[in-house]
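Reading through the structure tokens given below for one structure.
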Amino acid sequence: MKCKKIRDIILSDYTDGELSSDRQKLIEDHLKGCPACREFLEELTGGIVTPLRESGHVKPPAEVWNRIERAIGEKEKSGAGETLLDWIKARAELPVLRRKPAFVLATILVAFLLAGGITARYFSERRGVNTYIEEQFDFLDSLANGNGDSYEDNGFSLDYFLL
Amino acid sequence: MKQIPKETILRASRGDMEAFKEIYDISSGFVYTVVYRIVRNSEDAQEVTQDVFMSIYQKINTFRFKSSLKTWLYRIATNRAINMYRKRAKEKGRKVTFEDNIKYDSDVFNKTAVNFEREHAEKLVKAMLGSLPCEQRACIVLKDIEGLRYQEIAEVLGIKINTVRSRLKRAREKLLALKETGESSHEM
């Protein structure tokens with residue numbers, strides 16, 4: 001492997017301990033025979049990586065916890081539970097929404113359209129059945145009241161039909 | 001970082017303030033560090049840290065243990081810090097993805113390279129982080145200061161592992177180049 005490639009790996013995976021043992025050995029073998037790459041590694045480690053790794057954690061001032069405690073107390077006192085907006089905001093931070101918002105919105109839209117289509121079809125079919133039943137009731141009603149004119153007018157006799 | 005016991009998380013999710021304080025005591029150090037190193041000033045870091053813990057208090061009952069609480073905390077802290085940095089950058093009329101125009105002090109490098117005194121080391125860390133674009137800075141903070149694995153950084157930032165790798169590589173290349181420029185200009 002050429003020095004350029006070796007240094008690219010030193011800049012990331014080698015320094016960060018992300019290499020497999022085979023590749024790690026490959027880099028170490030190269031470093032043994034290449035003073036320029038060794039110097040590059042020392043410069044990176046000593047001048048950049050070590051100062052950052054040794055910088056440690058910075059503690060927040062005590063005032064930060066006091067403010068948090070106060071804010072929670074005020075929130076509890078005001079009795080404000082989770083509002084609808086809080087609920088939406090909490091869900092909006094779900095990883096899937098953060099990573100693929102367009103996909104999630106498209107899925108919701110398709111589900112909404114499908115549900116709308118099925119509902120519309122259901123009501124449309126139901127309306128047809130209702131109309132048919134109403135017509136049958138009207139017809140039977142007209143027979144019961146002796147108003148079977150329209151039936152006979154069409155050249156049929158109910159008696160004949162029943163026979 | 002000390003692990004946060006599951007029982008403590010469950011108690012905090014039921015509104016137990018003592019349990020929540022326990023979570024704060026364990027995690028506020030790294031939350032504040034990540035935020036402070038990204039926003040680069042203590043006032044904004046305190047505001048964001050407060051905001052992060054308020055958010056955790058309100059949402060801890062939705063935590064389902066699918067990822068670790070640590071990853072969840074890092075995610076909230078890093079995202080809020082980046083947002084704050086971008087907001088401040090916008091207010092100052094700087095282009096968000098542009099690097100900070102921090103003056104790169106060559107003396108900082110030369111003095112600290114020889115002598116890792118605390119004050120100088122801190123100056124060096126600030127100068128290095130300040131010279132990086134926000135996205136690269138976040139990766140360097142999570143890797144070199146917090147010691148997260150590439151996979152964890154990818155999860156925290158919602159990016160691919162290869163993006164983590166290339167951001168770290170570019171950041172270190174830049175820091176090495178600046179170090180060299182600083183040293184050579186000092187020699188002149």
### Query
To the nearest whole number, what is the average tally of beta carbon atoms from other chains within 10 Å of the beta carbons of peptide B:49-62?
4
## Note on the structure
Here the gain from full extension of A:Ser142 to A:Ala120, 0.36 nm per residue of separation minus their alpha-carbon distance, amounts to 4.6 nm
### Query
Any idea what the relative contact order of region B:1-96 is, in percent, if you count C-alpha pairs under 8 Å spaced at least 6 apart?
30
### Query
What is the average number of partner chain Cβ atoms found within 10 Å of a Cβ in A:60-68?
6
### Chain-alone versus full-assembly comparison, region B:1-29, residues with accessible loss of at least 10 Å² (1.4 Å probe)
B:Met17, B:Phe20, B:Lys21, B:Tyr24, B:Asp25, B:Ser28, B:Gly29
### Query
Taking the radius of gyration and the Kirkwood hydrodynamic radius from Cα positions alone, what is the Rg/Rh ratio for region A:3-53, to two decimal places?
0.95
### Summary
Zone reached by a paramagnetic label modelled 7 Å from A:Val104 Cα along Cα→Cβ, restricted to region B:135-173 with backbone N below 16 Å, covers B:156-159
### Task
Note down the net charge around B:Val35, summing +1 for each Lys or Arg and -1 for each Asp or Glu among other residues with Cβ under 11 Å from its Cβ.
0
### Query
With labels modelled as points extended 7 Å from the Cα through the Cβ direction, what inter-label distance (nm, one decimal) is found for A:Lys32 paired with B:Asn83?
5.3
### Task
Quick one: dipole size for region B:1-74, taken about the Cα centre, charges +1 on Lys/Arg Cβ and -1 on Asp/Glu Cβ, in debye to the nearest 20.
440
### Query
Going through region A:1-66, which GluC sites (Glu not before Pro) have at most 14 other Cβ atoms within 10 Å and a DSSP loop state?
A:Glu54
## Note on the structure
In region A:1-43, accessible area falls by at least 50 Å² from chain alone to full assembly (1.4 Å probe) for A:Leu11, A:Asp16, A:Glu18, A:Glu43
### Summary
For region B:1-96, dividing by residue count, accessible area per residue (probe 1.4 Å) in Å² works out to 47
## Note on the structure
Asked for the total accessible area buried by B and A (1.4 Å probe, Å², nearest 100), one would answer 4100
### Task
Leaving out ligands and nucleic acids, note down the accessible area per residue over region A:3-53 with a 1.4 angstrom probe, in whole Å².
51
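The values are calculated or read from the model by the stated rules, or taken from the named source; none is laboratory data. Only a predicted model underlies this, so the values are computations on that prediction, with no experimental measurement involved. Because the Cβ atoms are built from the backbone with ideal geometry, glycine has one as well, and the counts that use them run over all protein chains shown. For the accessible areas, the whole protein counts, side chains as well, though only heavy atoms, and no ligand, DNA or RNA atoms are used. Shrake-Rupley method; radii C 1.70, N 1.55, O 1.52, S 1.80 Å.
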